[in-house]
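J.: Pasting a structure below so you can have a look.
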Amino acid sequence: MTLGAALREATHLLERGGIEPARLTAEVLLAHAVGCTRAYLYAHPERELGRIEWIHFGRYLHERLQGKPTQYITGRQEFYGREFRVTPAVLIPRPETEHVVEAALGASRPPGPVVDVGTGSGAIAVTLALEMNRAVVATELSWAALEVARENARRLGAPVHFIQCDLVAALADASASLVVSNPPYVPEPEIGSLQREVRDWEPRLAFSGGAAGLDCYARLIREAERVLRPGGWLVVELGAGQAEAVRQMLGCGWRQVRFLEDLAGHLRVAVARRERTS
Ligand code: GLN
């Protein structure tokens, strides 16, 4: 079978299995099986698929049809222009989270560590370390996720110091200049109706936010009040419709509170500055 024919057959198979977008998914999986770029598939449609390549491609198609996200099959996801390794131990980085990075980069900070809370794949911490050209601290509860994050920092040459703890439990009072996080925020009643790719494959610890999806924010804001220096910043990702509740949680200890929209028009990021006097 040629690359061109394999692509056509796989596209039909994925279409019939209800996988969208079928053609792009087929291309990504075939390129992964062959170890080439997608452009190569177009340049060499007559090239015969090797036996091992064919076996790999078949397995990837089978996995995708079972609901496994493409990124867990290829083990990769691009984020902020860099390639991150992902496994089912970590949430797949989303484009929305790039707004968190933008907001964090825009915050002018007092001295002190930048901390990414619940780093997962390390996407935020690694990106900030490389974009700011400075060391970043990243915390994570899951050992399995920490391994993935460490590997990403090593591969991308990012100076990130990893700590296994809940939120910022291991950090000293009034030490940090910036606390950034994409916490779990999906309300529990909505988990059942998530896409099966998320519901059945991504780590629940990374997205399940309690009854209203807000459990983590209350704790995170309290803890950020403790570890941030006066004038330091908190930058957190929000679920759709959560801005007002989070605004109310940010009590009198915070100023310059604002919310940034994502490309879909949802208030996706909350930014707040720690009061100077307290
Ligand atoms: N963006 C993810 C989703 O909606 C959830 C991420 C999170 O809870 N932080 O599938």
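J.: Please specify each residue of the range 59-96 satisfying the condition of being in contact (Cβ under 8 Å) with a residue 12 or more places away in the chain, in a loop (DSSP other than H, G, I, E, B) and closer than 23 Å to Trp143 by Cα.
T.: Lys68, Pro69, Gly75, Val86, Thr87, Pro88, Ala89, Val90, Leu91, Ile92, Pro93
J.: Being among the aliphatic types (A, V, I, L, M) and either touching a residue at least 12 places away in the same chain (Cβ under 8 Å) or in contact with a helix residue (DSSP H, G or I) (Cβ under 8 Å, 6 or more places away or on another chain) (or both) is the filter here, so list the residues in the range 42-58 that pass it.
T.: Leu49
J.: Can you tell me which residue in the range 230-259 is farthest from the chain's Cα centre (by Cα), limited to those that are buried (at least 19 other Cβ atoms within 10 Å of the Cβ) and assigned to a strand (DSSP E or B)?
T.: Trp254
J.: Moving on to the next point. Out of Leu167, Leu205, I need the residue that is in contact (Cβ under 8 Å) with a residue 12 or more places away in the chain and more than 11 Å from the ligand (Cβ to nearest atom). Which one? Spell out how you get there, then give the answer.
T.: On the way: Leu205 fails: more than 11 Å from the ligand (Cβ to nearest atom).
Only one candidate passes the filter, namely Leu167.
J.: What number of residues in the range 226-252 are touching a strand residue (DSSP E or B) at 6+ places or on another chain (Cβ under 7 Å) and more than 16 Å from the ligand (Cβ to nearest atom)?
T.: Keep residues of the range 226-252 that are touching a strand residue (DSSP E or B) at 6+ places or on another chain (Cβ under 7 Å), which gives 227-239, 243, 246-247, 250.
Filter again for more than 16 Å from the ligand (Cβ to nearest atom), leaving 227-233, 247, 250.
Summing the residues that are touching a strand residue (DSSP E or B) at 6+ places or on another chain (Cβ under 7 Å) and more than 16 Å from the ligand (Cβ to nearest atom) in the range 226-252 gives 9.
J.: Being surrounded by fewer than 22 Cβ atoms within 10 Å (Cβ to Cβ) and part of a helix (DSSP H, G or I) is the filter here; which residues of the range 208-229 pass it?
T.: First, pick out the residues of the range 208-229 that are surrounded by fewer than 22 Cβ atoms within 10 Å (Cβ to Cβ): 208-212, 214-216, 218-223, 225-226, 229.
If the condition is that a residue be surrounded by fewer than 22 Cβ atoms within 10 Å (Cβ to Cβ) and part of a helix (DSSP H, G or I), then Asp215, Cys216, Ala218, Arg219, Leu220, Ile221, Arg222, Glu223, Glu225, Arg226 are the ones that fit.
J.: Now for a separate question. Of the conditions (1) touching a residue at least 40 places away in the same chain (Cβ under 8 Å); (2) in a loop (DSSP other than H, G, I, E, B); (3) under 30 Å from Ala176 (Cα atoms), His99 fails just one. Which one is it?
T.: Among (1) touching a residue at least 40 places away in the same chain (Cβ under 8 Å); (2) in a loop (DSSP other than H, G, I, E, B); (3) under 30 Å from Ala176 (Cα atoms), the lone unmet condition for His99 is (2).
J.: Quick check on this structure: which one of Asn133, Asn152 is in contact with a strand residue (DSSP E or B) (Cβ under 6 Å, 6 or more places away or on another chain) and either closer than 22 Å to Leu105 by Cβ or buried (at least 16 other Cβ atoms within 10 Å of the Cβ) (or both)? Give the steps one after another, and end with the answer.
T.: Numbers: Asn133 fails: in contact with a strand residue (DSSP E or B) (Cβ under 6 Å, 6 or more places away or on another chain).
Exactly one residue qualifies, and that residue is Asn152.
J.: Return the residues of the range 170-202 that are within 21 Å of Gly253 (Cα to Cα) and more than 12 Å from the ligand (Cβ to nearest atom); say none if nothing qualifies.
T.: Result: Leu171, Ala172, Asp173, Ala174, Ser175, Ala176, Ser177, Leu178, Val179, Val180.
J.: Given the conditions (1) away from the ligand (no atom under 16 Å from the Cβ); (2) farther than 30 Å from Arg276 by Cα, and given that Val137 satisfies all but one, which numbered condition is not satisfied?
T.: Only one criterion is unmet by Val137, namely (2).
Values in this text are rule-based calculations from the coordinates and carry no lab data. All values derive from a computational prediction rather than experimental measurement. Cβ coordinates were reconstructed from backbone atoms using ideal geometry, including for glycine residues, and neighbour counts include every protein chain displayed.
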